[in-house]
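Worksheet for the structure shown next.
The values are calculated or read from the model by the stated rules, or taken from the named source; none is laboratory data. Keep in mind it's a predicted model, so treat the numbers as computed, not measured. Cβ sites come from the backbone with ideal geometry, for glycine too, and all protein chains shown count toward neighbours.
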Amino acid sequence: MARRAPDRRDISFGAGPPARRRASGRTTAVAGDARDCKARRVKREGDAMDITQLILDDHHEQRRLFAILEQIDREDEEKLTAVWSHLAAFLEVHAKAEEDFFYPELLRTGQGAGGKATSEDETEDAIGDHNEIRDAVAAVAGHTVGTNGWYAAVAHANEVNSDHMGEEERQGLTDFRLHASLELRHDLAAAFIAFEASHISGVRAQDVDPKVYIAENK
């Protein structure tokens, strides 16, 4: 009687020793787990927040509110007061959130960008800017809403704040995006937005010595 030729299916699945078959199963499982982990990681990256983007969003909102003040009828003191009060509080809460969450980590992680050689240089400049913005905002209170003096004081606050935002966007934010991990940027974003949300009515304005700040947060 002729001997039956081995079936290809026997060679593929039945001929190998049990140990090999079990090893093959484990390899397949490990590969599947790796794919699942990669998918979860990509999902996290896609869902991640970024503190640098939140700061940019705040900058956009500040520019928008300053523009709104220019468009409200100057005789409508009630609306001018409401918008300015909101903007003034927002500027201080934003600055405080940066000082509590962003700049300490920039000092530890950054390497300098936008014409600044180090993260210390970036931070010293930014904290000094915050003090100038506080002074400009406080000066608005010395004028009657809707008068020429009031508009001039608001325009000065806008100018000082705009200069600061432009520098910060070229320097600290760029530096942090280049050198901080996505995980760190996400964690800081969560803390940053939670602080702003819990202090929506404002915080007490207080100047900060840039050199002392750097020494305490490096």
Exercise. From the residues in region 93-122 that are polar (S, T, N, Q) and in contact with a Gly (Cβ under 7 Å, 6 or more places away or on another chain), which one is surrounded by the most Cβ atoms within 10 Å (Cβ to Cβ)?
Worked result: 119
For this session: Looking for whichever is in contact (Cβ under 8 Å) with a residue 24 or more places away in the chain and under 16 Å from residue 131 (Cα atoms) here; the options are 180, 157. Which one fits?
Result: 157
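Yes or no, residue by residue, for (1) among the polar types (S, T, N, Q); (2) touching a His at 6+ places or on another chain (Cβ under 8 Å); (3) within 15 Å of residue 122 (Cα to Cα):
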residue	(1), (2), (3)
171	yes, no, yes
175	no, no, yes
186	no, no, no
196	no, yes, no
199	no, no, no
202	no, no, no
206	yes, no, no
218	no, no, yes
Exercise. Any residue in region 138-160 that is surrounded by 16 or more Cβ atoms within 10 Å (Cβ to Cβ) and of a type in the set (Asp, Glu)?
Worked result: no
For this session: Please verify whether region 110-119 includes one or more residues that are farther than 15 Å from residue 55 by Cα and among the aliphatic types (A, V, I, L, M).
Result: yes
Problem set entry | Scan of region 82-118 for residues that are at pLDDT below 95, within 21 Å of residue 132 (Cβ to Cβ) and in contact with a helix residue (DSSP H, G or I) (Cβ under 6 Å, 6 or more places away or on another chain), ordered by number | 114, 116
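Yes/no per residue for (1) in a helix (DSSP H, G or I); (2) touching a residue at least 12 places away in the same chain (Cβ under 8 Å); (3) under 18 Å from residue 192 (Cα atoms):
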residue: 62; (1), (2), (3): yes, yes, yes
residue: 83; (1), (2), (3): yes, yes, no
residue: 89; (1), (2), (3): yes, yes, yes
residue: 112; (1), (2), (3): no, yes, no
residue: 131; (1), (2), (3): yes, yes, no
Exercise. With respect to the numbered conditions (1) free of Cβ contacts under 8 Å to residues at least 24 places away in the same chain; (2) of a type in the set (A, V, I, L, M, F, W, C); (3) closer than 17 Å to residue 100 by Cβ, which one is the sole condition not fulfilled by residue 200?
Worked result: (1)
